[in-house]
Each structure stands twice: as C-alpha cells, then as structure tokens.
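In what follows, a single structure is set out as structure tokens and then discussed.
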Amino acid sequence: MQLSKKTYTGYREYPEKILQFGEGNFLRAFVDWFFQELNNSGKFSGSVVAVQPIAHGMADMLNEQDGLYTLYLRGLKDGKPESKHATMDVISRAINPYADFAAYLKTAENPEMRYVISNTTEAGIAYDENDEPTMTPPNSFPAKLAVWLNHRYKTFNGDASKGIHIIPCELIDKNADNLKRIILQLASKWSLEEGFVNWLNSACTFSNTLVDRIVPGYPRERITEITEELGYEDKQVVEAEPFHLWVIEAPESLQQELQFPSLGLDVKYVPDMSPYRTRKVRILNGAHTTLVPVAYLYGLDTVRESVEHEVVGKFLKDAIYDEIIPTLDLPKEELEQFAADVIDRFRNPYIKHLLMSISLNSWSKFETRVLPSVLEYIKRKGEIPQKLAFSLAATIAFYKGKRGEEAINLNDDAPLIELLKTAWAKYDGTDESFEDVVTEVLGFERNWKTNLNKVEGLTAAVTKHLTNIEKLGMQKAIETV
C-alpha cells in the first residue's frame with residue numbers, strides 16, 4: 001500500500017498560494033515544514049505547487065503520492081536522542097514545465113498565488129544569455145520566473161494587489177538581490193513593457209535569506225524499518241535534524257502575513273541578515289573546516305566521534321569559544337547559544353557525517369570560513385589565534401596526502417594540489433624546510449587573495465605547529481595547544 005490521498009485519512013486540501021522552484025529533500029524538509037506548521041496552527045491556509053526546475057526530477061514521483069510524504073526529525077533534545085515523524089500534506093501537486101509548460105504558466109493566473117520559494121542550488125541563480133521569452137521553458141531559473149511573472153502581470157493588467165513575495169533559499173549571499181538583478185536584466189534584453197518593470201519594483205518584494213538545517217534526505221539504509229513502522233510505502237520519505245533557522249530580510253507586509261515566529265519557530269525577520277550569515281559561516285562552517293584535518297590526522301573518521309572525543313572535542317570547543325566567537329559582533333549570549341546548538345548538531349547520533357566528505361576544497365573553505373576569524377582575532381587581540389593556526393598547519397599536513405601508511409584521497413583545485421605536492425617534495429626533514437613549505441602555502445595569493453606571510457607572526461606560528469605535527473604526530477602535537 002502506497003501513501004496517497006486514498007490511504008491517508010488525515011488529508012487536507014488548501015488553496016494554492018505558494019509556487020516553489022524545487023521539489024527535492026531540502027525544501028520539503030525545511031520550507032514546506034514551516035508552511036505545514038503554519039497550516040496546522042490555523043494561522044495560514046495554503047498549499048505549495050512544486051515546480052521541477054530541471055528536465056529530470058521528482059515531479060512524477062511526488063504526484064504518484066498526491067504530494068504527500070513523511071518527514072522524520074531526528075536528533076538530540078535535552079541531550080537525549082529523539083525521533084519523531086509526521087505526514088506532510090502541504091504540497092498539492094508537482095509540475096514538470098519541460099513536459100507541461102502550459103500548466104506551469106497557468107499557475108500565474110491564480111489570483112490567490114502569493115509567494116515564490118526557490119532552492120535551485122548555488123548555481124541556479126545565474127544569467128543565461130541564451131534564454132528567450134518564447135522558450136517553453138527557458139533554460140535558467142531566473143528566466144523561467146521572469147516569464148511567469150510577466151504572464152501574471154499581463155493576466156491581471158498590472159494589478160498591484162496581485163504582486164508576489166519572492167523568497168529564494170539558494171546558499172549564496174544576497175540571493176534575492178541577485179535574482180532580481182537578473183530578472184531586470186532579462187526584462188531589458190527581452191524589451192518587456194516598462195509597466196512590468198514598474199510592477200515588479202512596486203508590487204513584488206524580493207527577500208534575501210539565510211537557511212540552516214541539515215537534511216540527510218532519503219533514508220535508504222533504514223527504509224524497510226520505516227515502511228514497517230508506517231504501515232505503508234512512502235517513496236518520498238525525508239529525514240532532517242530538528243534544528244532550524246530561517247533568517248529573512250522581510251518587508252513588514254511579509255512579516256504580517258507569515259507569522260512563523262508566533263509559533264516559536266526560529267524564523268528571524270531582520271533588516272540585515274549579514275551578522276547571521278557571518279555567524280553561521282564562522283561558527284558552523286568554520287568549525288567543520290577547523291576540525292577536519294586535525295581530527296582526521298588524529299585517527300578519527302566522523303564528525304560525531306570527533307566532537308565527543310575527549311581531546312579533539314575540547315580542541316574544537318576551545319577554538320570556537322576562545323578564538324571564533326570573540327571576533328563576532330552579535331551579543332555574546334546569542335553567539336554562545338548558537339555554538340552550543342552547533343556542538344549538539346555535530347553530536348547527532350542519527351547523522352553519520354564523514355570527515356572526508358567535508359574535506360572537499362579545504363583551501364577555499366579555509367579562506368572563506370576560517371581566515372576571516374584569524375585576521376579579525378589578530379586585529380582585536382594583537383596576537384595569533386593558536387588553535388586556528390594549528391588547524392591551518394594541520395591542513396598543510398593533511399595535503400601531504402598520508403595518514404600513517406594510509407593514502408588520503410585529496411580533492412581540490414589542481415593548482416593547489418600541485419603547489420602542495422611541489423612544496424612537500426622539497427621537504428628534507430630540517431626545521432628550515434618546514435618553514436619553506438609554510439611560506440609557499442601562505443604565499444599562494446590565488447587562494448588567499450593576499451600574501452599571508454605578511455601577517456606578522458602567522459608564518460612562524462604555523463611553522464611551529466606543522467613541525468610539531470610532523471615530528472610528534474597529531475596525538476602529541478595537539479597537546480601543545
């Protein structure tokens with residue numbers, strides 16, 4: 001028996017108010033969960049039309065189950081494992097515009113349609129010079145949306161009350177600003193009416209966002225167990241952690257319409273999301289990047305065992321609380337609570353997060369996630385943050401390509417791999433050659449956008465830590481910090 005309207009007795013039908021570009025795991029476990037909660041509270045009455053943004057997707061599979069799916073939230077609550085699930089009926093249907101463009105365009109004619117949500121990956125919000133308004137559909141997401149918005153504008157003769165709140169969730173900075181810029185660029189290229197541009201600017205809103213929830217997705221390994229527990233087959237089951245954060249630069253009108261915070265949900269309506277983005281990048285992402293080379297060379301393999309390890313776990317917590325948090329400008333209590341939540345998330349017993357899966361492109365990650373904390377710490381404290389410097393040294397050691405006798409599968413830009421290979425090939429076992437390796441790495445301006453050897457004391461600190469790691473081994477070297 002498969003999940004559907006016929007088999008789910010609690011099914012509820014709502015008017016379609018949300019057009020959602022993306023039918024994958026993240027949106028169904030994050031945004032759609034928010035709207036489901038709002039529906040459940042009686043403070044909203046609306047459903048989602050999920051649009052498949054690429055030619056091959058899951059629209060047909062969703063429609064086979066009438067948009068229904070089961071969401072499992074699994075993680076730690078008050079330090080104890082908790083798993084709960086619910087059937088989600090917030091999606092009314094899914095549309096594949098590559099198979100039925102008319103049905104896609106028809107949704108623009110719905111007077112109750114009010115919101116556009118998207119998560120089309122980081123590469124989704126991009127300008128494609130080959131897009132034309134006559135294509136069915138155009139290639140890019142911005143072009144698909146531009147055609148849809150123009151159709152709505154024409155259908156309602158520019159009625160301002162039929163404007164749309166556009167809330168992209170792609171993981172790029174200023175996602176809404178970039179999306180709007182591209183749509184206006186397309187409107188100009190396509191010579192769309194001036195009235196459409198005016199309607200877009202005055203009747204529609206574009207809200208930058210920051211989203212945060214780990215979504216492992218379809219639980220393939222335990223689907224037999226889930227089917228037995230549910231009593232029916234669900235091909236669209238999705239798993240996520242309980243933690244959630246949605247920061248939205250929302251106009252007052254959107255805040256009044258979508259009262260997520262009134263339900264106790266962690267949705268923050270803010271005039272500027274930059275501090276929250278910085279907090280997430282520096283603490284959550286920065287902690288991952290700081291941890292990986294240290295923990296892996298110590299002999300560990302997963303995030304959870306690393307955080308729970310007496311030595312490595314303490315190293316990471318000290319790095320966060322002593323060297324990252326002091327560089328941020330939000331209230332200390334708020335930053336420390338977020339850090340505590342991050343540590344709990346890393347300890348989630350239901351998520352097996354391999355260190356090697358996070359190690360991809362470690363150098364660019366260090367530059368964006370950790371280096372800003374290093375430089376800000378030096379600026380504010382006048383000294384080197386030793387644990388972050390130790391992680392940088394560990395990253396250099398990691399890219400030597402060996403953990404004991406085991407080869408490390410390095411995955412990064414070819415020039416960086418070649419740089420590290422060349423630098424380590426020159427190493428002759430002397431203390432001076434350690435400094436040569438460090439100097440070469442810190443001087444690679446293509447990655448750092450500057451020569452880090454010019455940062456007073458940094459080359460010496462990283463050299464000292466790299467020497468300890470190589471001569472003493474990670475398990476002894478970490479004790480020095």
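Observations, loosely collected:
- For region 403-438, the candidate set comprises residues that are under 29 Å from the mean Cα position of the chain (by Cα) and not in a helix (DSSP H, G or I); within that set, the residue that is surrounded by the most Cβ atoms within 10 Å (Cβ to Cβ) is Asp412.
- Of the residues Val342, Val370, the single one that is in contact with a Gly (Cβ under 7 Å, 6 or more places away or on another chain), assigned to a helix (DSSP H, G or I), surrounded by 19 or more Cβ atoms within 10 Å (Cβ to Cβ) and not small (Gly, Ala, Ser) is Val370.
- Only residues that are of a type outside the set (Lys, Arg) and in a strand (DSSP E or B) were counted across region 9-38, and they come to 5.
- Residue tally, condition without any contact (Cβ under 8 Å) to a residue 60 or more places away in the chain and in a helix (DSSP H, G or I), over region 440-451: 5
- The one condition in (1) outside any loop (DSSP other than H, G, I, E, B); (2) more than 13 Å from Val238 (Cβ to Cβ); (3) aliphatic (A, V, I, L, M) that Ala99 fails to fulfil: (1)
- Residue match in region 328-346 (condition: basic (Lys, Arg) and either more than 19 Å from the chain's Cα centre (by Cα) or not assigned by TED's automatic domain parsing to the domain that holds Glu456 (or both)): yes
- Residue check: Tyr296 meets all listed conditions (1) touching a Leu at 6+ places or on another chain (Cβ under 7 Å); (2) surrounded by fewer than 20 Cβ atoms within 10 Å (Cβ to Cβ); (3) of a type in the set (Phe, Trp, Tyr); (4) under 29 Å from Glu336 (Cα atoms) but one, namely (2).
- Where Thr422 falls short, out of the listed (1) without any contact (Cβ under 8 Å) to a residue 40 or more places away in the chain; (2) within 16 Å of Thr289 (Cβ to Cβ): (2)
- Search result, residues across region 404-425 that are touching a strand residue (DSSP E or B) at 6+ places or on another chain (Cβ under 8 Å) and within 17 Å of Glu440 (Cα to Cα): none
- Failed criterion for Thr70 (all others in (1) outside any strand (DSSP E or B); (2) at negative phi; (3) crowded, with 16+ Cβ neighbours inside 10 Å hold): (1)
- Look at (1) in contact with a helix residue (DSSP H, G or I) (Cβ under 7 Å, 6 or more places away or on another chain); (2) basic (Lys, Arg); (3) free of Cβ contacts under 8 Å to residues at least 24 places away in the same chain and you find that Arg403 fails only one, number (3).
- For Gly158, the conditions (1) touching a Gly at 6+ places or on another chain (Cβ under 7 Å); (2) buried (at least 22 other Cβ atoms within 10 Å of the Cβ); (3) assigned to a loop (DSSP other than H, G, I, E, B) all hold with the exception of (2).
- In this structure, Asp329 qualifies as surrounded by fewer than 14 Cβ atoms within 10 Å (Cβ to Cβ) and not aliphatic (A, V, I, L, M).
- Verdict on Glu122 being modelled with pLDDT of 95 or more and assigned by TED's automatic domain parsing to the domain that holds Trp148: no
A quick yes/no check of all residues on (1) within 21 Å of Arg403 (Cβ to Cβ); (2) outside the structural domain of Gly473 (by TED's automatic domain parsing); (3) among the acidic types (Asp, Glu):
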residue	(1), (2), (3)
Phe260	no, yes, no
Gly264	no, yes, no
Leu284	no, no, no
Glu305	yes, no, yes
Lys317	no, no, no
Tyr321	no, no, no
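The values are calculated or read from the model by the stated rules, or taken from the named source; none is laboratory data. Predicted, not measured: the structure shown is a model, and the values here were computed from it. So basically every Cβ, Gly included, is an ideal-geometry build from the backbone, and we count neighbours across all protein chains shown.
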